[in-house]
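Here's the structure we're looking at; comments come further down.
The values are calculated or read from the model by the stated rules, or taken from the named source; none is laboratory data. Since this is a predicted model, take the numbers as computed values, not measurements. FYI the Cβ positions are ideal-geometry reconstructions off the backbone, even for glycines, and counts take in every protein chain you see. Ligands, DNA and RNA are excluded from the accessible area calculation, which covers all protein heavy atoms including side chains. Shrake-Rupley method; radii C 1.70, N 1.55, O 1.52, S 1.80 Å.
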Amino acid sequence: MTGKANSKTKYLILIFGAFAVFFTGYPHIWSIYQPYAMELTGWSQSQASMCFYLYFVTFVLGNIFGGRIQDKYSPRIAVICGGGIFTVSVLLCALALRPSPLMMYFTYGILQGFGQGMIYTTIISTAQKWFPGRTGFASGVIVTANGLFGFFMAPFSRALLSSQGIKVTFLVIGVMIGISWIFASIFIKNPENANKAGGNIIHRYDGKQYSSMEMIKTKKFYFLLATMLFGLIPYLILSPLSQTVQMDRGIASTVAVAAVMAGSVFNAGTRLALPTAADKVGRIICLKVVLVVAAAAMILLVIAPAAVTTVCVVLVYACYGGIMGSFPSLTSNIFGMEHSGENYGYVMLGIAVATLGAPAITNTALGRGYDINVVFTIGAVCAAISFLFLLLLEREIKREKCSRSKITSPKAIQGN
């Protein structure tokens, strides 16, 4: 009976956890809200865009803080606190539409990012603990929910914005967010053998359960961080240009829009498919394939005929999903499950740096008069650098494994 109850519990956690994480995709449709906010307040384009960029900085901090609460106390406390902050931040956005954007920076940017971060890492980490042999599948389901938000909620938000206005839209979304984390908090909890589960993961590289302070003292952490940072750059420089670059190359607008929509579907699909496959064949080999495809797609954007641009856009979106889906379980495999919430928060610093660095690369290159192909070339180079850091990570893991084998060998034990 206990086995059946545990089986039911873990799937309830997965379902309602995914439902809560689904709404953490909300900032990614800010571009739909931005014209309405600018029209109502008189903000400039750069002022309005800052709402989006501030979110990423505090999102990472929220992941670290939420992960620490989850690891030290319980995931339920982290979800309640993070969910409450997330809900209040969106509801307050209805009052923040003023001539000065400062209040919106605080609500939509700082508060929302922090609250979302607390939920995101907590739910991913807890789900992995309930699926110790299928951590890729568990984290993949959760991360896929985040990627699907734009696909389902962008049309809903657009319709609501046009019929009811931006203030009512914020209130409606805020209520929906509140409902999502309340359900998640009802079911979420750690399994009784949470710490023990961390040692039974397939493709586990090390028996040690690293604390965050121990983790950041290792070379593996910095290799992993750099792999994520550079691996995300190709998508982050292409995504804002994906529709316009196709149209500039003579591709019909309907095809360009369809490519972006298809890219979003592949982005969501690889978030689940790749980490699930990696449960069987290994995470590093799957990431190698993703980075090779990303580099090839960016090179083809430079040298291939214009018609190939559409295919490249879809491939880069898919690679982004593969990276975002793979890193939670890869981090847990390398550094253990016991402190996985906070640990992944630190690894996500790579996302924050990449998100701020990508527009800087594009703006600098185009501002100096370089062709867009120069930007895509830089994207290919970044994918190659990411691949290099992944090789260094793999070598470091193998080196440590060899060292442990020598220490635990019969001769070494007799010598001691």
Q | For peptides 356-363, 378-385, sequence by mean Cβ density within 10 Å, most packed first | A | 378-385, 356-363
Q) Listed highest first by mean packing, meaning other Cβ atoms within 10 Å per residue, what order do 26-33, 44-51 come in? A) 26-33, 44-51
Q. For the stretch 42-193, what is the relative contact order in percent, using Cα pairs closer than 8 Å and at least 6 residues apart in sequence?
A. 33
Q: Between Val255, Val353, Val290, find the one with the highest GNM mean-square fluctuation for the chain; connect C-alpha pairs within less than 10 Å.
A: Val255
(Q) On a full-extension model of 0.36 nm per residue, what is the gain between Leu102 and Ile179, subtracting their alpha-carbon distance, rounded to one decimal in nm? (A) 24.9 nm
**Q.** the chain, relative contact order [Cα under 8 Å, separation at least 6], %
**A.** 23
Q: Would you kindly find the accessible area of Ser7, with a 1.4 Å probe and non-protein molecules such as ligands, DNA and RNA excluded, rounding to the nearest 10 Å²?
A: 50
**Q.** Surface accessible to a 1.4 Å probe, Phe52 within the full protein complex, Å²
**A.** 50
Q | Residue (of Met215, Thr331, Gly133) at the positive-pole extreme of the chain, dipole from beta-carbon charges | A | Gly133
Q | Order of exposure, largest accessible area first, which applies to Val281, Val374, Val245 with probe 1.4 Å | A | Val281, Val374, Val245
Q: With label points built 7 Å along Cα→Cβ from the Cα atoms of Gln45 and Tyr11, find their separation and express it in nm.
A: 5.0
Q) Under a GNM of the chain (C-alpha, springs under 10 Å), which listed residue has the highest mean-square fluctuation: Arg134, Arg76, Arg399? A) Arg399
Q) Working out 0.36 nm times the residue gap between Phe156 and Val257, then minus their Cα-Cα distance, what length gain in nm do you get to one decimal? A) 34.6 nm
Q | Between the stretch 302-328 and the stretch 23-54, the alpha-carbon center distance in angstrom | A | 26
(Q) From the protein chains alone at 1.4 Å, what is the descending order of accessible area for Lys189, Lys10, Lys280, Lys220, largest first? (A) Lys280, Lys189, Lys10, Lys220
Q) In the full protein assembly as shown, how much of Arg271 is accessible to a 1.4 Å probe, in Å² to the nearest 10? A) 10
Q.
Between Asn373 and Ile216, how high is the FRET efficiency from 1/(1 + (r/R0)^6) when r is the Cβ-Cβ distance and R₀ = 35 Å? Nearest 0.05.
A. 0.40
Q.
Give the aspartates and glutamates whose C-alpha is closer than 18 Å to that of Lys398, dropping any in the same chain fewer than 8 places away, or say none.
A. Asp206
(Q) Nothing charged except the Cβ atoms of Lys and Arg (+1) and of Asp and Glu (-1): what's the magnitude of the dipole of the chain about its Cα centre? Round to the nearest 20 debye. (A) 1280
Q.
Compute a Gaussian network model of the chain, connecting alpha carbons closer than 10 Å, and tell me which residue from Tyr317, Tyr55, Tyr73 fluctuates the most.
A. Tyr73
Q: Per DSSP H run of at least 4 residues, take -39500 (n - 2.57); add these up for the chain, divide by its residues and hand me the 222 nm value, nearest 500 deg cm²/dmol.
A: -27000 deg cm²/dmol
